[in-house]
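This report refers to the structure that appears directly beneath it.
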């Protein structure tokens, strides 16, 4: 059964959680300064990069929307396996945001103020790889916030996403497919109202998995502020392994094991009147 909450209730949810991070209240952090790189900054394995809530971007790059780029070279940060990126705001002058080239990264309290092609790209790794997103948020994504091309699991806890096409996409047409991928999301708040993103698809599939590859998504304590456009919390597709082909949508809504949740896990946020 769907549950309904007011926006004022969400603002009080900072202490409400299910085994993890607080549910976001829908506000954005204030930048503590600006830093521009001329090349991708690499956070090496075992390192923790604490950005002190400054805004980081690239002085040599401007966003070209959904234009395909050369991957990591157009990112602001590359986070290697076992490394942590935290307390960072990603600015508008970039194309690829943050890359975890070999999975197994930790992204903590990182905010994307205006997503370009993707906010976070996760690649490589192995079936046992786990990449974690803890807190933070992203907004104005024409298409995807998190793009998962690699192996293993992506875990998102306490995240806020606003005006986007997809929160998470298990790659539907990577040449390296078939790859089984897992996605766990909890204590997360998504605001689907259109503000400025030029969405690739006006109808939002918040999470998109490939059923034929054995993908599995698990949603818990998930808050949604709807827009007038249609949306589904989780959709399954028939993935392919050829770039340029478009995966076929198979289903929308709860379906085991590909989209594991019930409507008791979904909380609808309504505007205050």
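The values are calculated or read from the model by the stated rules, or taken from the named source; none is laboratory data. As the structure is a prediction and not an experimental result, all values here were calculated from the model. Cβ sites come from the backbone with ideal geometry, for glycine too, and all protein chains shown count toward neighbours.
Just to be sure before I move on: is residue 49 at pLDDT below 85, in contact with a strand residue (DSSP E or B) (Cβ under 7 Å, 6 or more places away or on another chain), surrounded by 15 or more Cβ atoms within 10 Å (Cβ to Cβ) and assigned to a strand (DSSP E or B) in the structure I sent? Show your work before the answer.
Details: at pLDDT below 85: no; in contact with a strand residue (DSSP E or B) (Cβ under 7 Å, 6 or more places away or on another chain): yes; surrounded by 15 or more Cβ atoms within 10 Å (Cβ to Cβ): yes; assigned to a strand (DSSP E or B): yes.
For residue 49, the condition - at pLDDT below 85, in contact with a strand residue (DSSP E or B) (Cβ under 7 Å, 6 or more places away or on another chain), surrounded by 15 or more Cβ atoms within 10 Å (Cβ to Cβ) and assigned to a strand (DSSP E or B) - is not met.
For region 178-191, check the following and say yes or no: at least one residue is assigned to a strand (DSSP E or B), in contact (Cβ under 8 Å) with a residue 24 or more places away in the chain and touching a helix residue (DSSP H, G or I) at 6+ places or on another chain (Cβ under 7 Å). If you could, list the steps in order and put the result at the bottom.
Taking region 178-191 first, the residues assigned to a strand (DSSP E or B) are 181-191.
In the following step, the residues that additionally are in contact (Cβ under 8 Å) with a residue 24 or more places away in the chain were identified as 181-191.
Now drop any that are not touching a helix residue (DSSP H, G or I) at 6+ places or on another chain (Cβ under 7 Å), which leaves 189.
Yes, region 178-191 has at least one match.
Identify the single condition in (1) modelled with pLDDT of 90 or more; (2) surrounded by 12 or more Cβ atoms within 10 Å (Cβ to Cβ); (3) at negative phi that residue 27 does not satisfy, given that it satisfies every other one.
It is condition (2) that residue 27 fails.
Just to check your reading of the model, which residue among 193, 246 is modelled with pLDDT under 95, more than 27 Å from residue 25 (Cβ to Cβ) and surrounded by fewer than 20 Cβ atoms within 10 Å (Cβ to Cβ)? Reasoning before the result, please.
Numbers: 193 fails: more than 27 Å from residue 25 (Cβ to Cβ).
Just one listed residue meets the conditions, 246.
Pull up region 142-164, narrow it to residues that are under 10 Å from the mean Cα position of the chain (by Cα) and not in a strand (DSSP E or B), then point me to the one that is nearest to residue 22 (Cα to Cα).
Looking at residues that are under 10 Å from the mean Cα position of the chain (by Cα) and not in a strand (DSSP E or B), I get 159.
Could you tell me how many of the residues in region 61-83 are over 25 Å from residue 199 (Cβ atoms) and modelled with pLDDT of 95 or more? Break it down into steps so the answer makes sense when it comes.
Taking region 61-83 first, the residues over 25 Å from residue 199 (Cβ atoms) are 72-73, 77-83.
Now narrow it down to the ones that are modelled with pLDDT of 95 or more: 77-83.
Summing the residues that are over 25 Å from residue 199 (Cβ atoms) and modelled with pLDDT of 95 or more in region 61-83 gives 7.
Would you mind stating whether residue 54 is within 16 Å of the chain's Cα centre (by Cα), surrounded by fewer than 23 Cβ atoms within 10 Å (Cβ to Cβ) and in a strand (DSSP E or B)? Can you show your working first?
Details: within 16 Å of the chain's Cα centre (by Cα): no; surrounded by fewer than 23 Cβ atoms within 10 Å (Cβ to Cβ): yes; in a strand (DSSP E or B): yes.
Taking the combined requirement at face value, the residue does not satisfy it.
Tell me yes or no: at least one residue of region 122-130 is buried (at least 18 other Cβ atoms within 10 Å of the Cβ) and either touching a helix residue (DSSP H, G or I) at 6+ places or on another chain (Cβ under 8 Å) or closer than 22 Å to residue 31 by Cα (or both). Spell out the reasoning first.
Within region 122-130, the subset buried (at least 18 other Cβ atoms within 10 Å of the Cβ) is 122-123, 125, 129.
If we keep only those that are either touching a helix residue (DSSP H, G or I) at 6+ places or on another chain (Cβ under 8 Å) or closer than 22 Å to residue 31 by Cα (or both) too, we end up with none.
No: region 122-130 contains no residue that is buried (at least 18 other Cβ atoms within 10 Å of the Cβ) and either touching a helix residue (DSSP H, G or I) at 6+ places or on another chain (Cβ under 8 Å) or closer than 22 Å to residue 31 by Cα (or both).
Suppose we filter region 166-196 for residues that are more than 22 Å from residue 135 (Cβ to Cβ) and out of contact with any strand residue (DSSP E or B) (no Cβ under 6 Å at 6 or more places or on another chain); how many remain?
11
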